[in-house]
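What follows is one structure encoded as structure tokens, with my remarks underneath.
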Amino acid sequence: MRRHTLALTLSGLTLVAACSRSTSGGGGEPAPRRPPPSIYEPAPPPPHRPEPAIERLEIPRGHLPAIGQCRIWVPGIPPGRQRTVKSISCLVVGMAPPGTWLVYRPRSDRRVIRVRVMDARRRGVITVVRLYHYSDGRWVRDIRPDHEPRDNELDHVRPEGDQPTVMRPFPPGPPPPAPPPAARDTMGPTVMRPFPRQPPPPPAPPAQPDSGRRQPQLPPAPPPAPPPPPANRPPAIDMSPLDIPPGHLPDAGECRVWIPGRVPGQQPRPKSRPCAGIESAAPAGSWILYRPANERVVYVRVLDPRRAAVVILVRVYDLDTNQLVRELAP
């Protein structure tokens, strides 16, 4: 009985040693436990499905960008409340907010409108490109962003087979002709000669000693006076219009005294009186206005500027144009 129990114990110890040797891998160190793979490898995001296409583009023609340019459009907002610029360069694709549309009118085909639908979570990522008719806004089809024709400013990738332009230098031309040899100077070197000496100025006369008397100083002679003008010299012809308001002219067939240079409100009274004896009442340098009854003119008698009651000139003015018609002798 004891012999059978000892055999069972030895066999159990042998099995335990074999299990520990297989677990350690023969290196004698325990292997680390690996956590579940779900912690290190996150689940892939679900594939993005673009929104269903709109059958008709509800953007008025007046809010579409110019040909070859783009515009950022926020769907769901009326056209009058759109805050973006109507027409800008298409290089603003990186500035388009997520969830917006980038409306583009290509130059290659003006019959369509391209609407680039931006990703709802990532900025600058185009999910789908939709084509609409320009005439009625009907939906045509959807294309992938990488299949869109490269005919706009957004595409900076050089097409295949298009090599960059290499600027080659111009071929060297013929050397410039050598300048002709300088002519030999046969005149010799230039000699600078001094100017001839001028004779010295004569000496000043010696000062006379003062005898104590002052020489009388005569006053300077006055300038000659201008000759007086002749007594009856007529004034120069004045072609300026008659500057007298119509309401201050005398009545038809009567006269009035007028002093030139005064305002109409300070002219002597009365406004209109008979012409008999008016020269004796008119001061020197004044005018006597006479308005005939049967003509559309005014006679202006100019008095002498120094002598009263002396008429030196008679001028005739037209009442309709106030222009000088002629001059008469007194």
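The values are calculated or read from the model by the stated rules, or taken from the named source; none is laboratory data. Quick caveat, the model's predicted, so the values are computed rather than measured. Every residue, glycine among them, receives a Cβ derived from its backbone with ideal geometry; neighbour counts consider all protein chains shown.
Things to note:
- Top-ranked residue of segment 302-318 - restricted to ones that are over 21 Å from M239 (Cβ atoms) and of a type in the set (A, V, I, L, M, F, W, C), ranked as surrounded by the most Cβ atoms within 10 Å (Cβ to Cβ): V310
- Elements of type strands (runs of 3 or more DSSP E) contained in segment 220-330, each with 1 or more residues being at pLDDT 90 or above and of a type outside the set (S, T, Y): 255-258, 287-290, 297-303, 311-318
- Search result, residues across segment 66-91 that are closer than 23 Å to R111 by Cβ and not in a loop (DSSP other than H, G, I, E, B): C70, R71, I72, W73, P79, I88, C90
- Breaking point among (1) at pLDDT 90 or above; (2) surrounded by fewer than 10 Cβ atoms within 10 Å (Cβ to Cβ); (3) among the β-branched types (V, I, T), for V166: (1)
- Long-range neighbours under 8 Å by Cβ, at least six apart or interchain, first residue under 13 Å from I278 (Cα atoms) within segment 288-305, second part of a loop (DSSP other than H, G, I, E, B) and hydroxyl-bearing (S, T, Y): L303/S286
- Restricting segment 247-263 to residues that are under 20 Å from P305 (Cα atoms) and not aliphatic (A, V, I, L, M), the residue that is surrounded by the fewest Cβ atoms within 10 Å (Cβ to Cβ): G261
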